[in-house]
Amino acid sequence: MQIRIIVNGRPVEREIEADMRLLDLLRDGLHLTGTKEGCGEGECGACTVLLDGQAVNSCLILAAQVDGKEILTVEGISKGNTLHPIQQAFVEEGAVQCGFCTPGFIVSTYALLKSNPAPSDQEITSALTGNLCRCTGYVKIVDAVHHAAKLMHQKEGRSRRAL
Amino acid sequence: MNEAETKHSNTKSQDLSLNSGMIGAAVPRPDAIDKVRGEARFVDDLVFSGMLHAAVIWSEFPHAKIRNIDLTAIMDDPRVVCTLTSEEVPGDNIVHVIYDDQPALAAGIVRYIGEPIALVAAEDRASARAAATRALIDYEEIPAVFDPEEALRPDAPLVAVPAAVEKGPNLFNSMRIRKGDIEQGFAAADVVVEGEYRFGYQEHAYLETQGAIAVPEEHGAMAIYGTMQCPFYVRSAVAQVLGLPLSKVRVVQTATGGAFGGKEDVPSLVSALAALLAWKTRRPVKLVYDREEDILTTSKRHPAVIRYRSGAKRDGRLTAIEVDFIYNAGAYQTLSSAVLWRALMSAAGPYRIPHVKVDGRMAATNTVPNGAFRGFGSPQMNFAHESQMDLLSDRLQIDRLEIRLRNALQIGDETATCQRLEESVGLTETLEQAGQTVDWENRLRKIEAFNADSHSRRRGLGISTVTYGVGLGGKAPFLDKAGAYMKLEADGSITIAVGTVEMGQGLTTALTQIAAEALSLSPERIHLAPVDSSRVPDSGPTVASRGTLMSGLAIIAAAEKLQERVSSAARDLDIPKEEIPSRLPEIARVFFMRNIDPAVEGWASGEPVDWDPESGLGNVYFVYSYATHIAQVEVDLVTGEVNVEEFVAVHDSGKIVNRRLAAGQVEGGIAQGLGYALMEEIPRQGGRLLTTGLTTYRIPTICDIPLRSEVSFVEAICSKGPFGAKGLGEVPLMAAHVAVSRAVVHALGRPITTYPFSPERVKKAVTMQKNSE
Ligand code: FES
Ligand code: FES
């Protein structure tokens, strides 16, 4: 079947098999390999993408289901060479070790901070509980989310002043 | 959540002339940028032109003869390219790790569920996987044994290949320590305590599953790209299976999504399987396990039973220990003999004990072969020796921190293997600092008060202290070496190649810092090339917390040589010494124009160690790391759930090269330890593991970990490590899980001796306590 979607701001048209997962469309079809498969059963969050602004596990969604929708992957988060404040915060706080879970965490954090620009510890942990990390022990990830919230706040302040 | 604090103790760090201030700095990791952008290339992200996908046909029985393999239905699909069985293996059908017992593909007999029998290659992954399900294997089941203690009975069915059995039927290995006179030791004791401790599996659950791509290269050579810890193990395995000389196999490590020991031996098998299909089809072949395959067919932490007796004087001083333990190896040797040895070395804990008797056995069973996992046989032992200390503390009414301090190893003491510790023993400082950080005595009083007031909940404080011998030690000293290749490029940048790998632990960053320090350059000038076995000599495995240590020493050796050449060129140019770093591009240009050799090699070889298998004694490791962890938990007496509220970790790993990375290693180890102690479990029914995914194998989420944790370092400088560093990677888990489980015991006031301390087990202990009251 034919689907039309918007991926990272660009329109995409593709002929797909009915049973193709969104994850495979992104990774194999569109070469967006930043989205990872850690379990294939909705448990680890490594495959998290935004579907019309909502964080979802792309391993549990069929490509056919997203026809007409908009998708944001980790590759669409930064503009050009400049890191997004969330990415910058993850680097600066040491929230990245092996990095396999990282794209999923970045995308989930993006969704969180969109709806809640200054989350508490508790709000962070409940928003990220679907993302597993086996390396960091999560402490620095929580730090990074707080740090990202601050960076985004500052940036917003700046751009508002510029207006 | 403060940045890790660092204190100096019996250090010589002031004497080390650290010129650029690189060592100890919280330099951000260079690989993090690619990773946050989703641009780091893990093995499954790589594609080669004409690449095929592989699937494996796994054994469905724990012990069976293979009467017939019928693969005809597999070829029904035109997208399937070929199948392959053991008969077609061009070299030896062996995946060598330590022994030659494990076949790449089962030949005539299978010994565990999940053993590879045959392979399929197809144009795409789905076709390969679908085809594999059409294989018809005719099995004849034979008697099997799954429990390690049963396996060692004389009437047990034989599992092990004779070549792998050192000590008798199903007894892969047995090892021992005999120090002093055990009778005399117990005779001198005022009290004796005993315990029996049991452990199940722990699965690595690295987020990236196993995978490799084999790519045929010119002149009959083969390249392997894969997620791994030990490129040189993979190279030997592939060469042996294909019947190629080592020079024709090139192994490139791809970005590795966590390993923790799980990618020490298993990638040799995964790569060998991919290589066989690439050899047959002359096309690149990718083999990536899905999560179920990864959990069911790859190594785990050894299930174990440990029986432990300890004797002590009234003042708490240990006089003797007697330890007897059996670990479940699974069906093949893989790394089990080495794991057994490290378990043996860890049995006494970080304590001064005059009389020691330890016997360890590694039993073969019809279960998946177990292997390396962070701590490598020690974590089980750590729970045992710390439980014993708490029993003694109870019996003697000596505070738990105090009794540990009274027995803690110090410089000049002898270990359980009669090794005299000559330097870098920060154990006592870790104990004292951990105690001060939690305000130990006051904290205990507060907890007592809380518990007195509470009916449905109880708090507890657990303490654990551990030691870890850094490097591979006296059992396999020949593996302890590493090379580094260093090149001054014509523009003044530096390329470095090493043979130990980044797997998330931060090795690239630490080595860049060491190189920057050794060359007095800023780290931006230095690039660490991806690990490729053709660039450097065999540098041993990236295990045993040895990566920073050994490759760091090799880099320092290379840097010294390069410095010499650079200095002499600088003299010719009248460039003063202090201007060399800033004017390196000029100097590099001169190298280029005057044909000066810009490349150097560095080599590090382990310090001498030895071990006598008869007595079990020797100078077994050249240096030890130490740690003390304290955890506070709250136990819900109704649900049996345990909440880890607070955590304090103090480590002595010598000089810390990068504080932020080191703290990250400790925090990661705490989470893994918490999982091991409280939740991670694989039930087994006969030879079948009942957990097949991350839904049923639960690892800690962000909601399970204590956000109030304090990590700090005391730095007992090691004169033999790079800039005084020892090893860190494995120690945090070893100490952490014990602090958590002992805290639960403290909360309940009742022992639990079987892992994990799941809600059911905790509830059972609560009920038993109520009944006895
Ligand atoms: S791969 Fe989708 S949740 Fe794990
Ligand atoms: S950094 Fe390795 S899984 Fe999160």
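Numbers below:
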| item | result |
| --- | --- |
| Residue ranges of strands (runs of 3 or more DSSP E) in the range B:478-544 with at least 3 members buried (at least 18 other Cβ atoms within 10 Å of the Cβ) and over 18 Å from the mean Cα position of the chain (by Cα) | B:481-488, B:494-498 |
| Close pairs from the range A:91-119: first closer than 28 Å to B:Met228 by Cβ and outside the structural domain of A:Leu26 (by TED's automatic domain parsing), partner of a type in the set (S, T, N, Q) and near ligand 2 (Cβ under 9 Å from one of its atoms), Cβ under 7 Å, at least 6 apart | A:Ala95/A:Thr136; A:Val96/A:Thr102; A:Gln97/A:Thr136; A:Cys101/A:Asn131; A:Gly104/A:Asn131; A:Phe105/A:Asn131 |
| Residues that are surrounded by fewer than 21 Cβ atoms within 10 Å (Cβ to Cβ) and closer than 20 Å to A:Gly45 by Cβ, drawn from the range A:120-142 | A:Asp121, A:Gln122, A:Glu123, A:Thr125, A:Ser126, A:Ala127, A:Thr129, A:Gly130 |
| Residues that are touching a residue at least 60 places away in the same chain (Cβ under 8 Å), small (Gly, Ala, Ser) and on the phi < 0 side of the Ramachandran plot, drawn from the range B:418-469 | B:Gly426, B:Ala434, B:Gly435, B:Ser456, B:Gly460, B:Gly462, B:Ser464, B:Gly469 |
| Residues satisfying the stated conditions in the range A:110-141, i.e. within 16 Å of ligand 1 (Cβ to nearest atom) and not in a loop (DSSP other than H, G, I, E, B) | A:Ala111, A:Ala127 |
| Yes/no for B:Arg153 being touching a residue at least 60 places away in the same chain (Cβ under 8 Å) and open to solvent by 40 Å² or more (accessible area, probe 1.4 Å) | no |
| Residue within the range A:16-35 that is within 16 Å of ligand 2 (Cβ to nearest atom) and either open to solvent by less than 50 Å² (accessible area, probe 1.4 Å) or modelled with pLDDT under 95 (or both) present | yes |
| Residue list for the range B:29-46, restricted to those being in a loop (DSSP other than H, G, I, E, B) and either in contact (Cβ under 8 Å) with a residue 60 or more places away in the chain or under 24 Å from the mean Cα position of the chain (by Cα) (or both) | B:Arg29, B:Pro30, B:Ala40, B:Arg41, B:Leu46 |
| Pairs, first touching a residue at least 60 places away in the same chain (Cβ under 8 Å) in the range A:36-59, second within 6 Å of ligand 1 (Cβ to nearest atom) and open to solvent by 50 Å² or more (accessible area, probe 1.4 Å), C-beta under 8 Å, six or more apart | A:Ala46/A:Glu37 |
| Test: residue in the range B:425-445 that is hydrophobic (A, V, I, L, M, F, W, C) and more than 23 Å from B:Ser709 (Cα to Cα) | yes |
| Of all residues in the range A:90-126 being charged (D, E, K, R) and more than 7 Å from every other protein chain (Cβ to nearest Cβ), the one that is farthest from B:Asp34 (Cα to Cα) | A:Glu123 |
| Residue among B:Val120, B:Val193, B:Val161, B:Val145 that is modelled with pLDDT under 95 and of a type in the set (Val, Ile, Thr) | B:Val161 |
| Residue count for the range A:58-89, restricted to those that are more than 17 Å from the chain's Cα centre (by Cα), within 11 Å of another protein chain (Cβ to nearest Cβ) and of a type in the set (A, V, I, L, M, F, W, C) | 0 |
| Criterion: crowded, with 24+ Cβ neighbours inside 10 Å and at pLDDT 95 or above - qualifying residue of B:Leu391, B:Leu431, B:Leu396 | B:Leu431 |
| Breaking point among (1) of a type in the set (Phe, Trp, Tyr); (2) farther than 30 Å from A:Thr102 by Cβ; (3) surrounded by fewer than 24 Cβ atoms within 10 Å (Cβ to Cβ), for B:Tyr289 | (2) |
| Every residue from the range B:197-243 that is within 16 Å of ligand 2 (Cβ to nearest atom) and of a type in the set (Asp, Glu) | B:Glu203, B:Glu208 |
| Test: B:Pro756 is more than 26 Å from the chain's Cα centre (by Cα) and assigned to a loop (DSSP other than H, G, I, E, B) | no |
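The values are calculated or read from the model by the stated rules, or taken from the named source; none is laboratory data. Remember, predicted model here, so these are calculated numbers, not experimental data. Don't worry about glycine lacking a Cβ; one is built from the backbone with ideal geometry, like all the others, and counts go over all protein chains shown. Note: areas computed on protein heavy atoms with side chains; ligands, DNA, RNA excluded. Shrake-Rupley method; radii C 1.70, N 1.55, O 1.52, S 1.80 Å.
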